[in-house]
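Chemist: My questions all concern the structure below.
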């Protein structure tokens with residue numbers, strides 16, 4: 001006798017997923033970046049955010065720009081965004097970038113992030129990338145541990161982003177990478 005399993009999956013996002021992705025983004029960013037970003041930066045307009053997601057899903061700038069969604073039943077609980085790597089020391093043919101990996105805070109610890117990360121790797125391999133990079137906030141120990149436990153490692157690149165153009169809101173990031 002087998003035990004029941006959860007109805008969970010990962011697939012390429014559709015434009016119809018845009019409102020759900022925007023809602024996950026707003027909740028997750030509020031939880032993740034509350035101590036880093038000013039409140040006004042975290043106050044995402046749900047309609048404008050959903051429209052931006054729908055537009056990017058309908059017309060990606062490159063065929064290898066992808067958004068993957070983690071589902072529990074038919075409910076979006078997380079997403080990942082991948083593209084060719086844009087850093088000047090990366091090869092956009094061989095190197096991909098995991099631009100974002102986000103799981104709704106209420107859904108963390110249930111395997112959605114691991115499924116997303118595996119689907120990201122499978123998608124990037126299918127697109128013939130051989131390496132992936134991602135930028136993580138230096139202070140985001142949880143994300144860095146998750147990625148290093150999955151085989152990613154720092155590659156010594158780091159940067160500081162000026163989020164508001166005035167120098168008053170900056171974020172230090174480190175780059176991690178993995179072979180595919």
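Quick note: the coordinates plus some simple rules give every number you see, no bench work behind them. Every value quoted in this text rests on a predicted model; they were computed, and no experiment measured them. Quick reminder, even Gly has a Cβ in these numbers, built from the backbone with ideal geometry, and neighbours come from all protein chains shown.
Chemist: Remind me, relative contact order of the chain in percent, using alpha carbon pairs under 8 angstrom and six or more residues apart? Walk me through the intermediate numbers first.
Modeler: Values: 306 pairs, mean separation 34.8, N = 180.
For the chain, the relative contact order is 19 percent.
Chemist: Under a 10 Å cutoff between Cα atoms, tell me which one of 81, 69, 93 has the largest fluctuation in the Gaussian network model of the chain.
Modeler: Maximum fluctuation in the GNM of the chain, among the listed residues, is at 93.
Chemist: With n ≥ 4 as the cut-off for DSSP H runs, can you work out [θ] at 222 nm for the chain, using -39500 (n - 2.57) per run divided by the number of residues, rounded to the nearest 500? Before the final figure, lay out each step's value.
Modeler: Values: 5 runs with 57 residues, N = 180.
Theoretical 222 nm ellipticity from helices: -9500 deg cm²/dmol.
Chemist: For the range 1-80, max minus min Cα coordinate along each principal axis, in Å, sorted largest first?
Modeler: Computed over the Cα atoms, the extents are 52, 33, 20 Å.
Chemist: So if each residue of separation counts as 0.36 nm, and I subtract the Cα-Cα distance between residue 73 and residue 169, what length gain in nm does that give?
Modeler: Working it through step by step, the gained length comes to 30.7 nm.
Chemist: Above 22 angstrom, tally the Cα pairs of the chain and express them as a % of all pairs, no decimals.
Modeler: That tail contains 48 percent of the Cα-Cα pairs.
Chemist: Could I ask something else about it? Take each of the peptides 96-102, 29-35, average the number of other beta-carbon atoms within 10 Å over its residues, and list them starting from the highest. Kindly include the intermediate steps, with their values, before the conclusion.
Modeler: Details: 96-102: 21.4, 29-35: 13.9.
Per-residue mean Cβ counts within 10 Å order the peptides as 96-102, 29-35.
Chemist: Within the range 64-106, what residues put their amide N at less than 12 Å from the label point 7 Å along the Cα-to-Cβ vector of residue 126?
Modeler: In the range 64-106, the label zone of residue 126 (backbone N under 12 Å from the point 7 Å along Cα→Cβ) covers 66-69.
Chemist: Now for a separate question. Of 85, 18, 41, which has the largest mean-square fluctuation in a 10 Å C-alpha GNM of the chain?
Modeler: 41
Chemist: Test of understanding: in a Gaussian network model of the chain with alpha carbons linked when under 10 Å, which of 134, 51, 170 would top the mean-square fluctuation ranking?
Modeler: Between 134, 51, 170, it is 170 that shows the largest mean-square fluctuation.
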